[in-house]
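Below is one structure, written out as structure tokens; the observations come after it.
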Amino acid sequence: MLAMTIKCHNTLALLIFIISLSFYENDVAKGDNLGASFIFGDSLVDAGNNNYLSTLSKANSPPNGIDFKASGGNPTGRFTNGRTISDIVGEELGVPNFAPPYLAPNATGKVILNGVNYASGGAGILNATGSLFVNRLGMDIQVDYFNITRKQIDKLLGSANAREYIMNKSMFSITIGSNDFLNNYLIPLLSTGTRVSESPDAFINDMISHLRAQLTRLYEMDGRRFVVANVGPIGCIPYERSINQLKENDCDDLADNLATQYNAQLKDLLSQLNDNLHGATFVLANVYDLVSEIISNYAKYGFRTASTACCGDGGEYAGIIPCGPISTLCSDRYKHVFWDPYHPSEATNIILAKQLVDGDKTYVSPINLRQLRDL
């Protein structure tokens, strides 16, 4: 009987050891994964925050989300047919779940340790941007909300562990700036006063000054790994091509020149922050050149068109009326660079994300996002 008892204890001890070893091996396997992804920005990366706002900027109706497998093809508030670029980057870097929208009821408790999405359709760097949509979460508000999340993580992990987790296991992704031009400086009639009183130089300087303060606030809340996207070739989106009645291969010069000018200053800003904020790494995602490459050589990437929206109506490129339940919908969504008048399709987002995760300095510098994760 005693021998049997000893044998049982030995068997139990061995079982516990094997289980413990299994958990340890799993933890080691997960060691290369990103802990948390905190996402800030506009409709390019909004995962549904605007669903919870009284706003004119919403994507919570079909066919938006038609290819988003996690929802069974139902709309989630993402302004595309499937995953956003941030969703795909998170998957590539090993984040176990999509970061929930900050305003969603389930964005509480331990869920936030995988990250939170603060992005909002219509948002800009400047607080006035997107006012025509009535409500949106501008970048200042998004940073305010992260401050609340930061305190919640303190309570979950304890202040010392929380600081280590934010500094060493988290990435901060910022995709913003397009709306400051499209839905602020370039709006006919509404922006005339601003454009008369403020030169492009002054307006862009204002944007850079605000963004510097916003990024510095995130650093002061222990953010250390940052990826900041520049503004894409907004003069080439179906909306701009439609309202300006451009030829298929032409882009609006005013919008593109503003984006190019801002992007040059953003590059300088990130270089300064890398020099001046100890321990931080700011990576520039050169979305402008990457999207321009896809638009110029769309057939090489398997697309049929880089000018016409898959979902939308109005003008030659279906670029005036946003995507909604009664919109014209293309038959092959993966052959379109653009999903709607403003936003890329999931097929485009996949190309963008994979270049940023594993690409070279042509499109992501000084290091790519996998290298940023592994610092």
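The values are calculated or read from the model by the stated rules, or taken from the named source; none is laboratory data. In this text, all values refer to a predicted model and were calculated from it rather than measured experimentally. Because the Cβ atoms are built from the backbone with ideal geometry, glycine has one as well, and the counts that use them run over all protein chains shown.
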| message | So, in segment 284-313, exactly how many residues are within 22 Å of residue 256 (Cα to Cα) and not acidic (Asp, Glu)? | response | 18
| query | Within segment 137-171, which residues are of a type in the set (Lys, Arg) and on the phi > 0 side of the Ramachandran plot? | reply | none
| query | Only one of (1) out of contact with any Gly (no Cβ under 9 Å at 6 or more places or on another chain); (2) closer than 26 Å to residue 287 by Cα; (3) crowded, with 19+ Cβ neighbours inside 10 Å fails for residue 141. Which number is that? | reply | (3)
| task | Mind listing whichever residues of segment 86-113 are of a type outside the set (A, V, I, L, M, F, W, C) and buried (at least 19 other Cβ atoms within 10 Å of the Cβ)? | result | 86, 87, 90, 100, 101, 102
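May I ask you to verify whether residue 168 is of a type outside the set (A, V, I, L, M, F, W, C) and assigned to a helix (DSSP H, G or I)?
Yes.
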| request: Out of the residues in segment 51-64 that are within 18 Å of residue 346 (Cβ to Cβ) and among the polar types (S, T, N, Q), state the one that is surrounded by the most Cβ atoms within 10 Å (Cβ to Cβ). | output: 64
| query | Can you name the condition, by its number, that residue 143 falls short on among (1) modelled with pLDDT under 95; (2) in a helix (DSSP H, G or I); (3) among the β-branched types (Val, Ile, Thr)? | reply | (1)
| task | Being within 16 Å of the chain's Cα centre (by Cα) and not basic (Lys, Arg) is the filter; apply it to segment 70-80 and report the residue that is surrounded by the fewest Cβ atoms within 10 Å (Cβ to Cβ). | result | 76
| message | I'd like to know if segment 127-138 contains one or more residues that are surrounded by 20 or more Cβ atoms within 10 Å (Cβ to Cβ) and without any contact (Cβ under 8 Å) to a residue 60 or more places away in the chain. | response | yes
| said: Tell me the residue from 67, 42 that is at pLDDT 95 or above, of a type in the set (D, E, K, R) and either on the phi > 0 side of the Ramachandran plot or surrounded by fewer than 23 Cβ atoms within 10 Å (Cβ to Cβ) (or both), please. | reply: 67
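The rows are residues; the columns are (1) hydrophobic (A, V, I, L, M, F, W, C); (2) assigned to a loop (DSSP other than H, G, I, E, B); (3) in contact with a helix residue (DSSP H, G or I) (Cβ under 9 Å, 6 or more places away or on another chain); (4) modelled with pLDDT under 95.
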| site | (1), (2), (3), (4) |
| --- | --- |
| 78 | no, yes, yes, no |
| 107 | yes, yes, yes, no |
| 113 | yes, no, yes, no |
| 119 | yes, yes, yes, no |
| 124 | no, yes, yes, no |
| 136 | no, yes, yes, no |
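Test residue 79 against the stated conditions and say whether it is out of contact with any strand residue (DSSP E or B) (no Cβ under 8 Å at 6 or more places or on another chain) and aromatic (Phe, Trp, Tyr).
Numbers: out of contact with any strand residue (DSSP E or B) (no Cβ under 8 Å at 6 or more places or on another chain): yes; aromatic (Phe, Trp, Tyr): yes.
Considered against the rule, which asks whether it is out of contact with any strand residue (DSSP E or B) (no Cβ under 8 Å at 6 or more places or on another chain) and aromatic (Phe, Trp, Tyr), residue 79 comes out as yes.
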| Test for residue 99: is it modelled with pLDDT of 95 or more and under 13 Å from the mean Cα position of the chain (by Cα) | yes
